[in-house]
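Worksheet: the structure to be examined is printed underneath.
The values are calculated or read from the model by the stated rules, or taken from the named source; none is laboratory data. Computed from a predicted structure; not experimentally measured. Cβ coordinates were reconstructed from backbone atoms using ideal geometry, including for glycine residues, and neighbour counts include every protein chain displayed. Calculation scope for accessible area: heavy atoms of the full protein, side chains included, ligands and nucleic acids excluded. Shrake-Rupley method; radii C 1.70, N 1.55, O 1.52, S 1.80 Å.
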Amino acid sequence: MNESNQNSLAEDVVVALRAVVGSKRVPLHEPSFTGNEWLYLKECLDSTFVSSAGKFVDRFEIELAAFTGAKHAVAVVNGTAALHIALKLAGVKADDEVLIPSLTFVATANAVTYCGAMPHFVDSDEYTLGVDAAKLRDYLISQTEQRSGLCVNRSTGQIIRAFVPMHTFGHPVDLDGLLAIAHDFNIVLIEDAAESLGSYYHGGHTGTYGLMGTLSFNGNKTITTGGGGAILTNNSKLASYAKHLTSTAKLPHAWEYCHDEIGYNYRMPSINAALGCAQLEQLPAMLIAKRKLFQHYQAAFSAISGLKLIMEPNQCKSNYWLQTLLLGKEQASQRDIILQATNDAGFMARPAWVLMHKLKPFSGCAYMDLECAESLARRLINIPSSPCLALMSTEQSDG
Ligand SMILES: *Cc1c(COP(=O)(O)O)cnc(C)c1O
């Protein structure tokens with residue numbers, strides 16, 4: 001590939017981005033507060049119940065459960081805390097292993113270590129960008145054995161207790177394949193649905209298929225509470241235990257402070273939940289806008305060869321949290337040229353995360369062959385994805 005060809009792919013990408021988002025500077029993903037945010041925040045402040053008491057946390061949890069179809073939602077301080085508690089409730093203990101994709105945000109791996117357990121990294125597939133079920137099944141057949149109903153890693157002797165697939169950039173992973181693995185190998189499945197609020201797998205909301213699912217409401221996610229997260233589950237016992245553990249394991253009493261085990265101060269403050277209630281009202285409109293933005297990008301990028309725009313998997317509905325370009329294998333070497341050109345032009349774009357098995361804190365962890373994750377990590381580029389961008393390009397094309 002000569003230099004002028006390289007320049008032209010980067011230039012094509014910049015031209016396509018400009019056609020969709022206009023020519024001003026655009027961040028990767030910014031929150032929008034166009035509904036009752038100010039109203040509910042004022043109501044929360046006026047009530048003085050901004051912290052552990054007040055009506056907004058209960059309301060946010062009820063509305064989250066209603067939106068996702070989960071029986072219960074427990075709101076917490078952030079998505080990492082949600083994962084930590086979900087893993088703990090799944091029975092993850094010191095020295096256990098937990099299967100997670102190497103292609104994920106660091107929170108998934110960090111939460112495993114908070115339980116004293118070790119992440120065990122697994123490969124992804126190019127279609128969903130999530131865990132490759134067929135490859136994982138073959139790997140577990142060759143690497144593990146069942147001992148008294150538990151899955152044991154033969155080379156380390158440790159129990160593989162849980163499995164946390166992730167719905168990458170909002171695209172649902174192959175849950176049928178992964179749930180079958182969890183069932184067949186006696187591994188608890190927890191979904192990291194931090195990126196997939198508003199994404200559906202075969203008609204059901206992501207995060208409701210595993211024993212538990214976790215969400216994040218960080219500032220860059222589809223909706224935000226400033227910082228926040230939630231645990232989804234259909235299991236009432238787990239839901240009330242999650243509530244108990246995330247609110248310092250305090251026994252209910254009018255004045256006495258008695259705690260029956262070591263708990264965590266992980267509950268979501270009411271003021272964050274107030275913001276969340278207003279954001280949830282905006283969610284359906286945001287999902288429509290994000291889908292529209294995908295269609296605008298699809299029109300702009302379809303003529304460019306050497307890359308493709310990631311679209312929702314079959315029988316799935318993605319929230320299109322982060323719009324994503326996948327370079328062809330031959331174009332991988334141009335990724336950084338493209339990133340430089342787009343960022344120079346004011347369009348924030350970024351590569352996928354550095355793979356987890358390459359990070360220093362996880363250097364001692366087990367991992368399977370990661371050929372696909374390695375290849376994806378060299379070829380993925382996230383491009384500006386805020387829902388407001390869809391409205392902008394509509395205005396442009398209408399005017
Ligand atoms: C955002 C995110 C989380 C949770 O992050 P917090 O910032 O702790 O809310 C977890 N996993 C993935 C894959 C994420 O993208």
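Restricting Lys237, Lys290 to residues that are in a helix (DSSP H, G or I), charged (D, E, K, R), open to solvent by less than 30 Å² (accessible area, probe 1.4 Å) and at pLDDT 95 or above narrows the list to Lys290. Being surrounded by 16 or more Cβ atoms within 10 Å (Cβ to Cβ) and in a loop (DSSP other than H, G, I, E, B): is that true of Ser32 here? So Ser32 passes the test. Selection of region 136-154 for residues being surrounded by fewer than 20 Cβ atoms within 10 Å (Cβ to Cβ) and under 16 Å from Leu179 (Cβ atoms) yields only Arg137.
When Ala300, Ala239, Ala273, Ala289 are screened for being of a type in the set (Gly, Ala, Ser) and within 16 Å of the ligand (Cβ to nearest atom), only Ala273 passes.
Going through (1) open to solvent by less than 20 Å² (accessible area, probe 1.4 Å); (2) within 23 Å of Thr113 (Cβ to Cβ); (3) within 16 Å of the ligand (Cβ to nearest atom); (4) in contact with a Ser or Thr (Cβ under 9 Å, 6 or more places away or on another chain) one by one, Leu178 falls short only on (4).
Name the one entry in Gly54, Gly157 that is open to solvent by 10 Å² or more (accessible area, probe 1.4 Å) and over 30 Å from Ala273 (Cβ atoms). Full working, then the answer.
Working: Gly54 fails: over 30 Å from Ala273 (Cβ atoms).
Just a single option satisfies the conditions, and that option is Gly157.
Hey, can you tell me all the residues within region 242-270 that are more than 15 Å from the ligand (Cβ to nearest atom), assigned to a strand (DSSP E or B) and basic (Lys, Arg)? Residue satisfying the conditions is Lys250 alone.
Candidates Glu97, Glu43: the one that is open to solvent by 20 Å² or more (accessible area, probe 1.4 Å), more than 16 Å from the ligand (Cβ to nearest atom) and among the acidic types (Asp, Glu) is Glu43. Cβ separations smaller than 7 Å between residues 6+ apart or across chains give the following pairs from region 71-95 residues that are hydroxyl-bearing (Ser, Thr, Tyr) to residues that are within 15 Å of the ligand (Cβ to nearest atom): Thr80/Ala107; Thr80/Asn110; Thr80/Ala111.
The residue that is farthest from Asp336 (Cα to Cα), among those in region 1-18 that are modelled with pLDDT under 95 and open to solvent by less than 70 Å² (accessible area, probe 1.4 Å), is Ser8. For region 183-229, filtering for residues that are more than 10 Å from the ligand (Cβ to nearest atom) and either in contact with a Pro (Cβ under 6 Å, 6 or more places away or on another chain) or hydrophobic (A, V, I, L, M, F, W, C) (or both) leaves 12. Looking across Ser142, Ser155, one residue alone is away from the ligand (no atom under 13 Å from the Cβ), assigned to a loop (DSSP other than H, G, I, E, B) and more than 19 Å from the chain's Cα centre (by Cα). It is Ser155. Only a single criterion out of (1) surrounded by fewer than 15 Cβ atoms within 10 Å (Cβ to Cβ); (2) more than 16 Å from the ligand (Cβ to nearest atom); (3) within 22 Å of the chain's Cα centre (by Cα) is not satisfied by Val106, namely (2).
Determine if region 113-131 includes at least one residue that is touching a Gly at 6+ places or on another chain (Cβ under 8 Å), open to solvent by 10 Å² or more (accessible area, probe 1.4 Å), within 14 Å of the ligand (Cβ to nearest atom) and in contact (Cβ under 8 Å) with a residue 60 or more places away in the chain. Please lay out each step first, then the result.
Of region 113-131, the ones touching a Gly at 6+ places or on another chain (Cβ under 8 Å) are 118, 124.
Subset that is open to solvent by 10 Å² or more (accessible area, probe 1.4 Å): 118.
Right, trim to within 14 Å of the ligand (Cβ to nearest atom) and you get none.
The answer is no, given that none of the residues of region 113-131 is touching a Gly at 6+ places or on another chain (Cβ under 8 Å), open to solvent by 10 Å² or more (accessible area, probe 1.4 Å), within 14 Å of the ligand (Cβ to nearest atom) and in contact (Cβ under 8 Å) with a residue 60 or more places away in the chain.
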